[in-house]
Amino acid sequence: MRSKRVLVVEDQEDNRQILRDLLANAGYEMIEAQNGEEALLAAQTQSPDLILMDIQLPVLDGYEATRRIKAQSDLRHIPIIVVTSYALSGDEEKARAAGCDAYVAKPYSAKKLLETINLYLT
Amino acid sequence: MELTGDSSEGFDVNLEADPTSFLGQHPLTAVPSRASRDAAPVKEGLVGFALRPSLRTKLIAAFLVIEMLLVSVGVIGLLSLREADQRANQVVALQHKIEAYRQVQHDTLRQLHGVSAALALPNETTLAGALRQINQFGYDLDRVAFVAKDEVALLDQVRKEYARFTAVASHAIDLIRNGRAAEAKQSELAELGPLADKLERLTNQLVNRAEADMVAGIDASRQTYARSQMLVAAVALASFVLTLVLGHAISRSVIDPVRILHDGLNRIAAGDFTQRIEVPNRDELGELAAHVNSTCEELEQLYRSLEEASRHKSQFLANMSHELRTPLNAILGFSELLLDGIYGDPPEKMRSAVVRIQRNGKHLLGLINDVLDLSKIEAGQLRLSLADYSVEEMVNGVYTSVESLAAEKKLGLRIAVPPRLPPARGDERRLAQALFNLVGNAIKFTDAGEVRIEVEAEGDSYKFSVRDTGPGIDEADQAKIFQEFQQVDNSITKVKGGAGLGLAIAKRIVEMHGGRIWIESRLGQGAEFSFMVPARLERQAT
């Protein structure tokens, strides 16, 4: 059985590195996208098992990318965990409205994030 | 911004120095022309008339009218007095006349009597008496002529008849002196008697006429009095009515615009800059309204630019905090991975260094979040998300998050929440933040003893209090501590650090719930911070 694939949508290299280290350690395969459009493409072509979506992204933001993925019937089943900054109030409501499955606020604890991911992949 | 210069140049009317304003021709062109003002319909009638001239002109005109009324009442009074005086003089003159006429009558009778006595008993005494009577009569006639200058015809007749009478009487006396008494008696019977009768008739006629004149005079003066009484009463009534009308018109032309201005200023004070004050006056109050309107316009511009600046500030803070947090998240994230042993078990020294990095990073994150929270609250951008929550769970949540802090300092941490509290309604996350700030402070500033969190239901409110056994805060400092960036300035806080935002944020959160926050403390005896919020908040307070 192949290891589960997690699509990480995140424009900050350092944050991607943290997730790389965390997910590799937990035994997940990680594919990367740096903006909403790349995320759409990767979701269609690389069939991830879960998407970790940052909100503040260049080109196409996380809300819109989430909406578009959830609008496609063949992609709708992929769970999306939205990661937002604590800064902007109402983010959680907006993320839920866009159709995400779970919501994690930054700064997140690596352990907690992994727990949430595990919840959807086991 | 060139606000003041602009406003004063656009409006340089000097009321005191302007001589034309007195004439009610105030140069309206000096008032910045405002479409709404010019279009304002000027009311017709007296009130409308009272709107145009300047206040000073109006007041002076009103006082002049009242003054004129007073003067006319005085003039009417004086004229009436003069007429009454004239009438009185006439009556006195008539009385003199009547008296003089009666004297003539009386003397005529006495003469006749004297002549008769001389005839009956002719001696020197009676004759001298009769002659004296005759001489006296000339004086009487002169007097009559003097007091009754208007009765020329009748007087002439009297004088003629009297001349005849004296001539006949003198003749009769001469006859008596010459011993011709019988002849004298004849003459008396034939001429003196009828002459005396005629004289009496004539004087009676004069008396009657004078008496009739006097009655007419008295009647006329009575009528004059009644007329002037009516006239004074009418003028007094008219002036009373006129004063009322004038007073009403002027006071309306003053009070109405003042009321409109008052309402307008209230609106401006309440932050509504969109409406303009419209008064129909073209006097000083109209100018004042124009002034207020231009000031309001400037305030509106200022308010808008301030609003925009505030929006920019909030946006800047939001952006900045995001930018600050992104690298901080990386620092905290890598620290956590290091401590979790993802990169292999770190040696003890390295672990302790990473723990310090993590702790300071978390502190920095807390500060950034506080600044952001406060700026969002200040900008009115923080909306409470109201929902039902359990007070017990909320307090337990705070307890859990500070448990380790208290344990590190070996402080007791106790909570006392009454059992089975009904569910509360409010923004649980924000209230927990407020309570957390209070408890965090209490733990930070207390070195020994305990921190106690207590909840009480008081009426429709819940009271949360946090009591510590720390150094306490003196009264002078208690007033300041809820302001942002204010900390009690002593060595303890310098050692403990912190930005001093926690209490300010807690205060704002409590106030947004319509509650209040306070402190009870004495230096050296610990402190108790409390806040009270409505048990069920259905709508955000401000």
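The values are calculated or read from the model by the stated rules, or taken from the named source; none is laboratory data. If you're wondering where the values come from, they're calculated on a predicted model, not measured in any experiment. Using ideal geometry, Cβ is built from the backbone for each residue, glycine included, and neighbour counts are taken over all protein chains shown.
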- With respect to residue A:81, determine if the residue is within 12 Å of another protein chain (Cβ to nearest Cβ), touching a helix residue (DSSP H, G or I) at 6+ places or on another chain (Cβ under 9 Å), surrounded by 19 or more Cβ atoms within 10 Å (Cβ to Cβ) and free of Cβ contacts under 8 Å to residues at least 60 places away in the same chain. no
- Taking only pairs six or more apart or across chains, which ones have beta-carbon atoms under 7 Å, a first residue in segment B:311-340 that is within 7 Å of chain A (Cβ to nearest Cβ), and a second residue that is assigned to a helix (DSSP H, G or I) and of a type in the set (Asp, Glu)? B:330/A:14; B:337/A:21
- (1) in contact (Cβ under 8 Å) with a residue 24 or more places away in the chain; (2) loosely packed, with under 15 Cβ neighbours inside 10 Å all hold for residue B:374 apart from (2)
- Message: With the requirement that a residue be in a helix (DSSP H, G or I), charged (D, E, K, R) and surrounded by fewer than 16 Cβ atoms within 10 Å (Cβ to Cβ), what does segment A:1-33 give you?
- Response: A:13, A:14, A:20
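Do we find that residue B:271 is at negative phi and either more than 14 Å from every other protein chain (Cβ to nearest Cβ) or touching a Cys at 6+ places or on another chain (Cβ under 6 Å) (or both) in this structure? Break it down stepwise before answering.
Working: at negative phi: no; either more than 14 Å from every other protein chain (Cβ to nearest Cβ) or touching a Cys at 6+ places or on another chain (Cβ under 6 Å) (or both): yes.
So residue B:271 fails the test.
Can you tell me which residue within segment A:99-118, out of those that are part of a loop (DSSP other than H, G, I, E, B) and within 14 Å of chain B (Cβ to nearest Cβ), is surrounded by the fewest Cβ atoms within 10 Å (Cβ to Cβ)?
Residues of segment A:99-118 part of a loop (DSSP other than H, G, I, E, B): A:99-101, A:107-109.
Filter again for within 14 Å of chain B (Cβ to nearest Cβ), leaving A:107-109.
On the way: A:107: 21, A:108: 20, A:109: 13.
If we take residues in segment A:99-118 being part of a loop (DSSP other than H, G, I, E, B) and within 14 Å of chain B (Cβ to nearest Cβ), then A:109 is surrounded by the fewest Cβ atoms within 10 Å (Cβ to Cβ).
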- Message: Looking at (1) in contact with a Leu (Cβ under 6 Å, 6 or more places away or on another chain); (2) within 8 Å of another protein chain (Cβ to nearest Cβ), which one does residue B:343 not meet, given that it meets all the others?
- Response: (1)
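Could you run through segment B:119-132 and say how many residues are at pLDDT 75 or above and touching a helix residue (DSSP H, G or I) at 6+ places or on another chain (Cβ under 7 Å)?
5
Give A:59, A:8 a once-over and let me know the one that is β-branched (Val, Ile, Thr) and farther than 30 Å from residue B:345 by Cβ. Full working, then the answer.
Numbers: A:8 fails: farther than 30 Å from residue B:345 by Cβ.
None of the other options fit; the residue is A:59.
How about segment B:262-289: which of its residues are under 16 Å from residue B:53 (Cα atoms) and free of Cβ contacts under 8 Å to residues at least 60 places away in the same chain? First the steps, then the outcome.
The first filter runs over segment B:262-289 and keeps only residues under 16 Å from residue B:53 (Cα atoms), leaving B:279-289.
Within segment B:262-289, B:288 is the sole residue that qualifies.
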- Message: Show me the strands (runs of 3 or more DSSP E) found entirely inside segment B:372-472 where at least 1 residues are of a type in the set (Val, Ile, Thr) and within 23 Å of residue B:513 (Cβ to Cβ).
- Response: B:412-416, B:450-458, B:461-468
- Query: Can residue B:342 be described as part of a loop (DSSP other than H, G, I, E, B) and over 58 Å from the mean Cα position of the chain (by Cα)?
  - Reply: yes
- Which listed residue is away from every other protein chain (no Cβ under 14 Å) and without any contact (Cβ under 8 Å) to a residue 12 or more places away in the chain, from A:68, A:5, A:76: A:76
- Options B:195, B:189, B:237; residue that is touching a residue at least 24 places away in the same chain (Cβ under 8 Å) and either closer than 26 Å to residue B:101 by Cβ or assigned to a helix (DSSP H, G or I) (or both): B:195
- Task: Identify all residues within segment A:8-30 that are within 14 Å of another protein chain (Cβ to nearest Cβ) and of a type in the set (Val, Ile, Thr); write none if there are none.
- Result: A:8, A:18
- Message: Checking the condition over 27 Å from residue B:335 (Cβ atoms) and either modelled with pLDDT under 90 or not polar (S, T, N, Q) (or both), which residue from A:107, A:79 passes?
- Response: A:79
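Quick grid of which residues meet (1) modelled with pLDDT under 65; (2) outside any loop (DSSP other than H, G, I, E, B):
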{"residue": "B:481", "(1), (2)": "no, no"}
{"residue": "B:486", "(1), (2)": "yes, no"}
{"residue": "B:498", "(1), (2)": "yes, no"}
{"residue": "B:505", "(1), (2)": "no, yes"}
- Can you tell me which residue in segment B:236-266 is farthest from residue B:66 (Cα to Cα), limited to those that are charged (D, E, K, R) and either surrounded by 15 or more Cβ atoms within 10 Å (Cβ to Cβ) or modelled with pLDDT under 85 (or both)? B:256
- Query: Counting only residues that are surrounded by 15 or more Cβ atoms within 10 Å (Cβ to Cβ) and either at pLDDT 90 or above or in contact with a Pro (Cβ under 7 Å, 6 or more places away or on another chain) (or both), how many does segment B:458-477 have?
  - Reply: 9
- Query: Taking segment A:31-60 as the search range and keeping residues that are within 14 Å of chain B (Cβ to nearest Cβ) and among the hydrophobic types (A, V, I, L, M, F, W, C), which one is farthest from the chain's Cα centre (by Cα)?
  - Reply: A:57
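Conditions tested, residue by residue: (1) among the aliphatic types (A, V, I, L, M); (2) within 14 Å of another protein chain (Cβ to nearest Cβ).
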residue	(1), (2)
B:347	no, no
B:353	yes, no
B:362	no, yes
B:368	yes, yes
B:374	yes, yes
B:402	yes, no
